[in-house]
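See structure below.
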Amino acid sequence: MPLTPRRDTPDVVLRQRALNRALLARQLLLRRERRDLIETIEHLVGVQAQAPSNPYVALWARLDGFQPDELSQAIAARRAVRTTLMRATIHRAQRRRLPGAAPGDAANVGADLRQLGFRQESGRDRDR
């Protein structure tokens, strides 16, 4: 049985530019915003994390005032986890949605930060 379109709402056709802007806005890529880190990861469903630096760069591009230590702390506290989500690609995701995530993930935080050019100094990760 074919579906018939609803007629109680007006037909809206977006031009290509408006459609592209809507997509960028949904992905939080139009402008950097002040948002909670975990809420942002949840909004995006996950942040691509194939390489260790990817989620840090992706969140920096979206969040005004983002500090890499925020994500590192969320990983260490298991509020964000590294897992396979979409298309067998590794992502950082919000922990609450993934109760069975691997427990050893926090051990990778230091290696992730070293690859980004951060070093351990006085118990804190700092910029070079």
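The values are calculated or read from the model by the stated rules, or taken from the named source; none is laboratory data. Not measured: the values here are computed from a predicted model. Ideal geometry is used to build each Cβ from the backbone, glycine not excepted, and the neighbour counts take in all protein chains shown.
Within region 50-84, track down each residue that is of a type in the set (Lys, Arg) and closer than 25 Å to residue 30 by Cα.
Filtering region 50-84 down to residues of a type in the set (Lys, Arg) leaves 62, 78-79, 82.
If the condition is that a residue be of a type in the set (Lys, Arg) and closer than 25 Å to residue 30 by Cα, then 62 is the only one that fits.
Cβ-Cβ under 8 Å, sequence separation 6+ or interchain: first residue in region 10-21 and hydroxyl-bearing (Ser, Thr, Tyr), partner at pLDDT 90 or above. Which pairs? The qualifying pairs do not exist here.
Within region 41-56, at least one residue is surrounded by 14 or more Cβ atoms within 10 Å (Cβ to Cβ), modelled with pLDDT under 85 and in contact with a strand residue (DSSP E or B) (Cβ under 8 Å, 6 or more places away or on another chain). Looking only at region 11-67, residues that are β-branched (Val, Ile, Thr) and assigned to a loop (DSSP other than H, G, I, E, B) come to 3 in all.
Taken over region 59-76, the criterion of being touching a helix residue (DSSP H, G or I) at 6+ places or on another chain (Cβ under 8 Å) and within 17 Å of residue 42 (Cβ to Cβ) is satisfied by 59, 62, 63, 66, 70, 71, 74, 75.
Looking at 67, 73 in this structure, which one is among the polar types (S, T, N, Q) and farther than 16 Å from residue 93 by Cα?
Working: 73 fails: farther than 16 Å from residue 93 by Cα.
Being among the polar types (S, T, N, Q) and farther than 16 Å from residue 93 by Cα holds for just one of 67, 73, which is 67.
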